[in-house]
Amino acid sequence: MKDHINIIKKKASEFFTREYNQSIEPADITVNPTKREFEGDFTVVLFPFLKALKLRPFELGSALGDFLVENTDFVISHNTVHGFLNLSYSNKFFTEISHYVYGNTQFGKKEPNNQKVMVEFSSPNTNKPLHLGHIRNILLGWSISKILETSGYDVIRTQIVNDRGIAVCKSMLAWSKFGNGITPSSSGIKGDHLVGDFYVLFDQKFSVEYKEWQQSLEAKNIYSKEKRSDEELEIFFKRYKNDYFNKHSQLGKEARELLMKWEEGDAATKSLWVKMNGWVYDGFDLTYKKLKVYFDKLYYESDTYLLGRSTVEYGLKKGIFYKESDGSVWIDLTDAGHDKKIVLRADGTSVYMTQDIGTAMVRYKDFGIDKMIYVVADEQDYHFQVLFEILKRLGEPYADHLHHLSYGMVDLPHGRMKSREGNVVDADDLIDEIVSAAKNAALERENLPGETEEEQQEVFRKIGIAALKYHIIKVAPQKRMVFNPEESLDMQGQTGPYIQNAYVRIQSILRKTGEIDKGAFDDYELQDEEKALVKLTMEFPSVIEHAAQQYDPSGLANYLYGMAKSFHKFYHEFRILGAESIEAKNFRLILIKNIAKILRNGMELLGIEMPERM
C-alpha cells in the first residue's frame, strides 16, 4: 500500500527547502484525514510554518498544493481553509488501496522486531474466586498482549499467583475446623468458590468471636482507660479489630500458627495447602477458559517470596541501600520525588518490594526480556514507581523499559449482582448472567441464529462475552468505569454486539454472491461515502500502532465501533448486490469484505470472537 502520508511529508519537506531555503524535517509536518465538513481527503497543517516564512495561509497553501499536484501521482486538487491545506486524492488511489487491503491477509500486522515483551496480568489470590476487578485486569492484559504481538513483539504472558500468607491460611483453617471433609467433587461447588466460601466463613466466625470478646473484662480494661460514648466505642472497635486478631483472638492465633507451620515446611500443613490451592487452580482455569485467555508462564509467590534478599546484600555493598540501627534495610528515594522505602525487615524477612525486585530479575534470567508490562490497579501506582526506580539504581538492563498499565476500579450502576463475597462481583456469575441476558434478548427478538441448539448456544456465548469484554475495553484504562450489563448488550449502542452485527450483516451479503471480479471496478468513480470508508480501512495499522505505543486498547475498540457505525449507515443508503452497475457492485463487495476483515481481526485483538450469524 502506498505510504501516502510519508510521501506527502517528504515532498513538502523538499518544497520548503527548494522554494524558501527552509530545512523542515518530514517528521515535523502534520498530515491528518480531512474533517468531513471540508472538501478534501487529507490535510496538511500549515500553522507551524507561517510565521517563519512570513506568509499568509492561502499563499503557502496554494504554492504547496500546486507542488504536490505536480510531484505526486495521487494528489489531483487542493484548497486552503485558514491554516489547513486540504488535498483531494485521485480515484485510482482509492481503488488501489482497496485492492491492496483485499489482497493482504496480514493487513495491520508488522514483521517481527526481535524484541521480547512480558505482560503480567490477573495475578489473583488463592483464597477467593476471580471477581469483576480481575476481569478488567485480564481483559486489558490479554488485549495488550495481542496488540503487541501483532506489532511484531515476541510476547510472554505471565502472572504471579499469590498462593501464600495469612489470608490463604484463614481459608485452610476454616475448612479444617468447619468443613467436615467437603470437596468440590462432593459438593458440586467450583473449587475457587468453595475455598472462597471458607474464607468468608472464617471472617464470619471471627466477627462473632470479636463481638463476644468486646464484652469481656480484658476488652473493658483496654478501652475503659478513658470514657467513651457508644459511638466512640464503635469507632474504637473498628480500628482495634486488627490488633485483636494479632493479640487476643483464638482464631487469629490458630491462623498464625498455621502460617508458621507452612513456613517451617510442616508436612500436614503443606499437604492441605497443596490440596486446597489445587481446587482453586482448577476453578481459575475454568474461568480463564470462559474468557478464552491463557498464560505462557506462571510464577508463584510461594516460590518467589524469598527472592531479592541476596540483591539487598549486593545493594548494601554498593551503597544503594542502607541499614538502620535496628537492622532493617532501606533505600532513600527522596531525590527522585519519593520517600524512604524499606526493603528488608529488622528480622531479615522480605517485604513485597523485595520479592518484586527478585521476581523481575528471575524473569529476565528466564526469558531475556526487553520490556515488561505490569497490569495492576491504580492503587499500586506508587509501588511501581518505587520498584522501577530501584531497578534502575541496581543497573538492571531492562529497567528503562518497564511500564505499569494502571487501571481504575469497576463499579456497577445500581445495587449488586449475585456475589459470593458480599460487595465483590463474582467473575463466573457475571459471565453467566451476561450470556443468559444475550440469550433472552435473542429470544425476545425471535431471531435465533444457527440450525441446532448447540450452535445457538455458541452464538449466545459469543454475543454475551463480546458485550462484557467490549464494554470494559472501550474505556481508557486509567478511568474509573461503570459496568452496565443492560447497556453492554444494546444492539444500537456502542457495544460489542453492535460491531458483531455489522460483521454478520456483511457475511450475509457475501453468502448471496459468487466470485468477486476484482478487476471490474478500476474505472469506477467512487462516491464520497465510499472514499470515506476506504480511508477508514487505511487507518487500521496506525490505530494498532498507537494502541501498542500507549498500552491502551480503548482506541482500537472505539475505532472498530466507528467503522461498524459507518458501515451500517452505508448499508442503509447504498445498494450493494443490487448496485446501479456491475462496477459499483464489485467495488462495494470488495469494500465490505475489507471492512469485515478489519472488524474480525480488530475484535480478535480485543479477545472477542465474531459469530457468522446472529
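The values are calculated or read from the model by the stated rules, or taken from the named source; none is laboratory data. Nothing here was measured: the structure is a model prediction, and the numbers come from that model. Because the Cβ atoms are built from the backbone with ideal geometry, glycine has one as well, and the counts that use them run over all protein chains shown. Protein only, heavy atoms only, side chains kept; ligands, DNA and RNA dropped before computing areas. Shrake-Rupley method; radii C 1.70, N 1.55, O 1.52, S 1.80 Å.
Quick notes on this structure:
- Residue list for the stretch 542-593, restricted to those being under 20 Å from the mean Cα position of the chain (by Cα) and either among the polar types (S, T, N, Q) or at pLDDT below 95 (or both): Ser542, Gln549, Gln550, Ser554, Asn558
- Asn601 vs. criteria at pLDDT below 95 and part of a helix (DSSP H, G or I): no
The rows are residues; the columns are (1) open to solvent by less than 60 Å² (accessible area, probe 1.4 Å); (2) assigned to a strand (DSSP E or B); (3) out of contact with any Lys or Arg (no Cβ under 6 Å at 6 or more places or on another chain).
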residue: Thr269; (1), (2), (3): yes, no, no
residue: Leu272; (1), (2), (3): yes, no, yes
residue: Asp285; (1), (2), (3): no, no, yes
residue: Lys290; (1), (2), (3): no, no, yes
residue: Lys317; (1), (2), (3): no, no, yes
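- If you filter the stretch 128-166 down to residues that are in contact with a Gly (Cβ under 7 Å, 6 or more places away or on another chain) and polar (S, T, N, Q), you find that the one that is farthest from His193 (Cα to Cα) is Thr150.
- Given (1) farther than 26 Å from Glu263 by Cα; (2) under 25 Å from the mean Cα position of the chain (by Cα); (3) surrounded by fewer than 18 Cβ atoms within 10 Å (Cβ to Cβ), number of the condition Ala336 does not satisfy: (2)
- The lone exception for Lys11 - which of (1) in contact with a strand residue (DSSP E or B) (Cβ under 6 Å, 6 or more places away or on another chain); (2) assigned to a helix (DSSP H, G or I); (3) modelled with pLDDT of 95 or more it fails: (1)
- Considering residues of the stretch 339-365 that are under 32 Å from the mean Cα position of the chain (by Cα), among the basic types (Lys, Arg) and not in a strand (DSSP E or B) only, the residue surrounded by the fewest Cβ atoms within 10 Å (Cβ to Cβ): Lys365
- Test for Asn137: is it of a type outside the set (D, E, K, R), open to solvent by less than 50 Å² (accessible area, probe 1.4 Å) and within 18 Å of the chain's Cα centre (by Cα): yes
- Lys297 being within 22 Å of the chain's Cα centre (by Cα), at pLDDT 95 or above and more than 16 Å from Asp163 (Cβ to Cβ): no
- Within the stretch 32-58, restricting attention to residues that are more than 13 Å from His78 (Cβ to Cβ) and assigned to a strand (DSSP E or B), the residue that is modelled with the highest pLDDT is Val45.
- Residue ID - least open to solvent (accessible area, probe 1.4 Å), chosen from residues in the stretch 497-541 that are of a type in the set (D, E, K, R) and in a helix (DSSP H, G or I): Glu530
- Boolean, Gly83 is small (Gly, Ala, Ser), out of contact with any helix residue (DSSP H, G or I) (no Cβ under 7 Å at 6 or more places or on another chain) and open to solvent by less than 20 Å² (accessible area, probe 1.4 Å): no
- Any hit, the stretch 368-381, residues being of a type in the set (S, T, N, Q), open to solvent by 40 Å² or more (accessible area, probe 1.4 Å), closer than 17 Å to Ser123 by Cβ and in a helix (DSSP H, G or I): yes
- Residues in the stretch 187-225 that are among the small types (Gly, Ala, Ser) and either assigned to a loop (DSSP other than H, G, I, E, B) or surrounded by fewer than 17 Cβ atoms within 10 Å (Cβ to Cβ) (or both): Ser187, Gly188, Ser207, Ser216, Ser224.
- Residues in the stretch 292-309 that are open to solvent by 20 Å² or more (accessible area, probe 1.4 Å) and either of a type outside the set (S, T, N, Q) or without any contact (Cβ under 8 Å) to a residue 40 or more places away in the chain (or both): Lys292, Tyr294, Phe295, Asp296, Lys297, Leu298, Tyr300, Asp303, Tyr305, Leu306, Leu307, Arg309.
- Residue list for the stretch 420-448, restricted to those being modelled with pLDDT under 85, open to solvent by 20 Å² or more (accessible area, probe 1.4 Å) and either touching a strand residue (DSSP E or B) at 6+ places or on another chain (Cβ under 9 Å) or of a type in the set (Lys, Arg) (or both): Arg420, Glu421, Val424, Arg445
- Qualifying positions in the stretch 539-565 - within 22 Å of Leu87 (Cβ to Cβ) and touching a helix residue (DSSP H, G or I) at 6+ places or on another chain (Cβ under 6 Å): Phe540, Val543
- Some residue of the stretch 319-330 being closer than 16 Å to Glu389 by Cα, β-branched (Val, Ile, Thr), open to solvent by 50 Å² or more (accessible area, probe 1.4 Å) and touching a strand residue (DSSP E or B) at 6+ places or on another chain (Cβ under 8 Å): no
- Looking at His546, His568, just one residue is closer than 28 Å to Asn6 by Cβ and either in contact (Cβ under 8 Å) with a residue 60 or more places away in the chain or in a helix (DSSP H, G or I) (or both), and that residue is His546.
- Being over 41 Å from the mean Cα position of the chain (by Cα) and surrounded by 14 or more Cβ atoms within 10 Å (Cβ to Cβ) is a description that applies to Pro57.
- Selected residue [part of a strand (DSSP E or B) and surrounded by fewer than 19 Cβ atoms within 10 Å (Cβ to Cβ)] from Ser77, Ser23, Ser62: Ser77
- Of all residues making up the stretch 318-373, the number that are touching a residue at least 60 places away in the same chain (Cβ under 8 Å) and acidic (Asp, Glu): 2
Conditions tested, residue by residue: (1) over 24 Å from the mean Cα position of the chain (by Cα); (2) surrounded by fewer than 21 Cβ atoms within 10 Å (Cβ to Cβ); (3) under 30 Å from Ser406 (Cβ atoms).
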{"site": "Trp142", "(1), (2), (3)": "no, no, yes"}
{"site": "Leu148", "(1), (2), (3)": "no, no, yes"}
{"site": "Ile156", "(1), (2), (3)": "no, yes, yes"}
{"site": "Gly165", "(1), (2), (3)": "yes, yes, yes"}
{"site": "Val168", "(1), (2), (3)": "yes, no, yes"}
